[in-house]
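I have placed the structure first, in the form of structure tokens, so that the comments after it can refer back to it.
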Amino acid sequence: MARWENGPGVLYGADAGIPVEIAASYRARTRGLLGREGIEGALLLTPANSVHTFRMRFAIDVAYLSRDFTVLAVRTMRPGRLGLPRLRARHVLEAEAGAMARWGLHPGLRLGVGPAR
């Protein structure tokens, strides 16, 4: 099992390399996107299999990813919602609403995460 650390990275497998912020610690996952007005790129929560949007200021796209980074489902969530847990999900990717459609993320697509350059 890989040991994840908080910090920047790049998400591969979509149309282009997407800047991603990795939230691997309990504290970073708990904070997530709370208190932010938006995000450039995406936030990867690991390990995680569900999210909520309570106290969030904007709608988000959520992609549930399996252990090998295959996209299981993509959903758009408005603020104040509780997402159902995905039993096979090991990671959750969050971005501003509409971003994942622009990037071409869809169920079955396999992604990868690398270090930021």
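Looking at the chain alone, DSSP beta bridges between its own residues are antiparallel in about 85 percent of cases.
Springs between Cα atoms under 10 Å define the GNM used for the chain, and in it the highest mean-square fluctuation of Gly32, Gly17, Gly98 occurs at Gly98. Considering all C-alpha pairs of the chain, those separated by over 23 Å amount to 18%.
Against the criterion of solvent-accessible heavy-atom surface with a 1.4 angstrom probe, Arg86, Arg102, Arg55, Arg31 sort, most first, into Arg55, Arg102, Arg31, Arg86.
Across the protein chains, with a 1.4 Å probe defining accessible surface, the residues Glu37, Glu94, Glu21 rank Glu37, Glu21, Glu94 from largest area downward.
Find the relative contact order for the chain and round it to a whole percent, using C-alpha pairs within less than 8 Å whose residues are 6+ positions apart. Could the numbers behind the result be given before it?
Values: 276 pairs, mean separation 35.2, N = 117.
This gives 30 percent for the chain.
Taking the alpha-carbon centroid of each part, what is the distance from the range 79-95 to the range 2-74 in angstrom? One Cα centre to the other: 10 Å.
The values are calculated or read from the model by the stated rules, or taken from the named source; none is laboratory data. The shown structure was predicted, so the numbers you read here are calculated from the model rather than taken from an experiment. What goes into the accessible areas is simple: the full protein's heavy atoms, side chains included, and nothing from ligands, DNA or RNA. Shrake-Rupley method; radii C 1.70, N 1.55, O 1.52, S 1.80 Å.
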